[in-house]
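Notes to accompany the following structure.
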Amino acid sequence: MSAKIMGFDAYNFNFFWLMLLTAIEVGVVAQSENMAWATLIFVLVSIGVVKFIGIAAVFMHLRFSPDSNVLTATALFPVIFIVLLVLMVGLTSPSAVENLPAFCRPGYYGL
Amino acid sequence: MSDDHGYHHGPHEWSHGAPHNSWAPIIISIGSGVFLFFFAKAFTMNEGMNGYIYDSAPLPLAIAGLAIIFAGLISWWKQDFSFDGSYEPQATHGSTPFSNVDIRKVGMWVFLMSEMMIFSSLFATYIRYRTSIDSCYSLEGTVVEPGTACWLPASYFIAKGGEHAHSTLGFMPDALVPGAINTFALIISSYTIVMALKTAKRTDLEHAERSIKVRNYLGATFCLATLFLVMKMIEWFIGFHIGPFEAPSLLSDQFTIHNDAYTYNYGHGAEAGAMTVDIRMAASIFYLTTGTHGVHVFAGIVGLGYMVVKAHKGGYGPGNSVSIEYFGLYWHFVDLAWVAVFPAFYLY
C-alpha cells in the first residue's frame, strides 16, 4: 500500500498517532485517581475506538485498497451477533438493568 | 494467479503443490481438539471449588494432540516454503460479492470473524458477571459475611498497585509497567509487520538486500511478540523486580481463580477496614480472557518463527508478499483484541 494521509506515508502516519494515543491512554490511567470515573471511562473508550479504527483501516487495509469495501462489510458482519451476545448474554443478569451504572440509564444526560 | 497457468480465476487446478490444497489446517484443528480435550481432563475442580485435582492419566493423549499439531505445522510449512506466489487463486469474476478478491484473503477474514466471536463471548461473559456481582469497593465499610462473592477487578492489583503501590516512575504504579510495555510492544509489532510487507513489495531493491530487510522486520516482530509473553509471565507468576521496579506477581498477591477467602484491606486511618471475600469470578474471567489472548500471541510467535526462517532463506518477494499481508491480518487482529482487553481488564 502506498497510500498517503495528509501527505504522509499512511503506515508511518498511523503508527505515530497510535503511539501517541497509547501514551495518553497509559498516562490517563496513571492519573486516574485525580479524574472523575465517568471522564476516565469516556477517555479510555474514545481512545480505544480511535485506535481500533486506525489499526483496522490502515494496517489491515480496510481502506485504500481496491477490495476494501467488500472486506469491510465482511469484517462488520459479525457485529450483529456481537450486539446480540452483549444484549442477550451480557445483560441477562436479573439485576443487570437495575444495577447499570448511572451513565447507562435514561436521564443521566438530561435526555 | 499468474498468466503461466493460462487462466486467471478460480482454484480449479490442484496439482501445483501450492498451499491452497493443504490438509494441514484440518490436521492442526484435530490435534488442537485432542490436546484441549485431554489437557482439560487432567484437571478437575475439587468439591469445595477452591482448588483442583490433578490426574496424569490423560496427559499422554494431550501430548499426542500436541504431536498432531506439530506434524500438521511441519506439513504446512513444507508446502508453503516453495510457494513463490505464482498461483494465487481469486474468486471467479461475477461471483459476487468477492469477485476478483484473493480467496486466501477472504478465507483469512472469515477466520478472523470467528475469532471476533470468541473474544465477544468472553466480553459478554465479563459484562454479565461484572453487572451482577457487587463491586468489592461498594462493600467497603459494611458488615460482610466472610466468603461473600464480590468483584475485585484486576485493575485493583495492576492500575492501582493493590496494597503495594510502589511507584518508581512517580506517575504510575510499578505493577502497571509490564502491561504498559506490552501495549506499546503490540503497537510497534503491528508497525514492523506492515513494514515487512511494504519492504517485500519493493522492486527497487536487490533480492538479497530486500530479503535481509524483510527478515529483520519479521525478526523484530518476533522479538516484540516474545517480549509480550515474557512480560505477561512476569506479571502473572514472577513479579516485576527489575532494577528499581518492585511489583509482586498476581499469583503472590493471591489474585487466583480459586481464592474464596481473599483478605481485602481498604481505607486509611479511622476509615481503614478489612473483609474476607470470594474473588474467584473476577480472577477467572481475567485469566481466561487475557490467557486466550496470550495463546493467540503464542500462535503468532510460532508462525513468525517460520516466516523469519523463510525470509532468511530469501523466500519473500513482490510475488508472494501477500503471505506476509495475510499473516499480518491475524497479527493486527491480536493487536485489536488487546486494544479492547487492556482498558477493560487492566485499567478499569
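Laboratory data are not the source of any read-out in this text; all were calculated from the coordinates shown. None of the values given here were measured: they were computed from a predicted structure. All Cβ positions, glycine included, derive from the backbone under ideal geometry; neighbour counts span all protein chains shown.
Explain nothing, just the number: relative contact order of the stretch A:4-77, from Cα pairs under 8 Å at least 6 residues apart, as a whole percent. It rounds to 28 percent for the stretch A:4-77. Counting only Cβ charges, +1 for Lys and Arg and -1 for Asp and Glu, the dipole size of the stretch B:176-263 around its Cα centre is about 580 debye. Legend: ranking of residues B:104, B:215 from fewest to most surrounding C-beta atoms inside 10 Å; resulting order B:104, B:215. Among B:184, B:286, A:81, B:327, a tally of other beta-carbon atoms within 10 Å of each Cβ gives an order, fewest to most, of A:81, B:184, B:327, B:286. Taking every residue in B:154-165 and counting other chain Cβ atoms within 10 Å of its Cβ, the average works out to 1. Centre-to-centre separation between the Cα atoms of the stretch B:289-348 and those of the stretch B:155-194: 20 Å.
Under the classification rounded if a/c is under 1.5, otherwise prolate if a/b is larger than b/c and oblate if not, where does the stretch B:29-130 fall, given a ≥ b ≥ c as square roots of the Cα gyration tensor eigenvalues? Judged from the Cα gyration tensor, the stretch B:29-130 comes out oblate (a/c at least 1.5, b/c at or above a/b). Of all aspartates and glutamates in the structure, the ones whose alpha carbon falls short of 19 Å from that of residue B:213, not counting any fewer than 8 places away in one chain, are A:9, B:84, B:204, B:325. Each Lys and Arg Cβ is given +1 and each Asp and Glu Cβ -1; about its Cα centre, the protein assembly as shown then shows a dipole of about 840 debye.
For residue B:149, the residues 5 or more places off, or on other chains, whose built amide H falls under 5 Å of its own are B:278.
Scaled against 2.2 N^0.38 Å for its residue count N, the alpha carbon radius of gyration of the stretch B:173-296 is 1.51. Entry for chain B at q = 0.07, 0.16 Å⁻¹: log10 I(q)/I(0) = -0.39, -1.44, Debye formula applied to identical alpha-carbon scatterers, no solvent contribution. When DSSP beta bridges are restricted to pairs lying wholly in chain B, around 75% turn out antiparallel. Indicate the gyration tensor shape class of the stretch B:280-348 (rounded, prolate or oblate), computed on the Cα atoms with a ≥ b ≥ c the square roots of the eigenvalues: a/c under 1.5 is rounded; otherwise a/b larger than b/c is prolate and the rest oblate. It is prolate, given that a/c is not under 1.5 and a/b is the larger ratio.
Rounded to the nearest 10 degrees, what's the angle between the helix B:322-341 long axis and the longest principal axis of chain B, both from Cα atoms, 0 to 90? Computed tilt is about 10 degrees.
Relative to the longest principal axis of the Cα atoms of chain B, helix B:280-312 runs at roughly 30 degrees.
Residues A:17, B:109 in ascending order of nearby Cβ atoms (within 10 Å, fewest first): A:17, B:109. Charged side chains reduced to their Cβ positions (Lys and Arg at +1, Asp and Glu at -1) give chain B a dipole of some 720 debye around its Cα centre. Relative contact order of chain B, taken over Cα pairs closer than 8 Å and 6 or more residues apart, is 20 percent.
Shape descriptor for the protein assembly as shown: Rg over Rh equals 0.99 (Cα atoms; Rh from the Kirkwood inverse mean 1/r). Listed as lacking a disulfide-compatible partner in the protein assembly as shown: A:104, B:223, by the criterion of no other cysteine Cβ under 4.7 Å. When a/c is below 1.5 the answer is rounded, else prolate if a/b is larger than b/c, else oblate, so apply that to the stretch A:4-77 with a ≥ b ≥ c taken from the square roots of the Cα gyration tensor eigenvalues. Here the stretch A:4-77 falls in the oblate category. Projected label points at residue A:108 and residue B:137, each 7 Å from Cα along the beta carbon direction, are separated by 1.3 nanometres.
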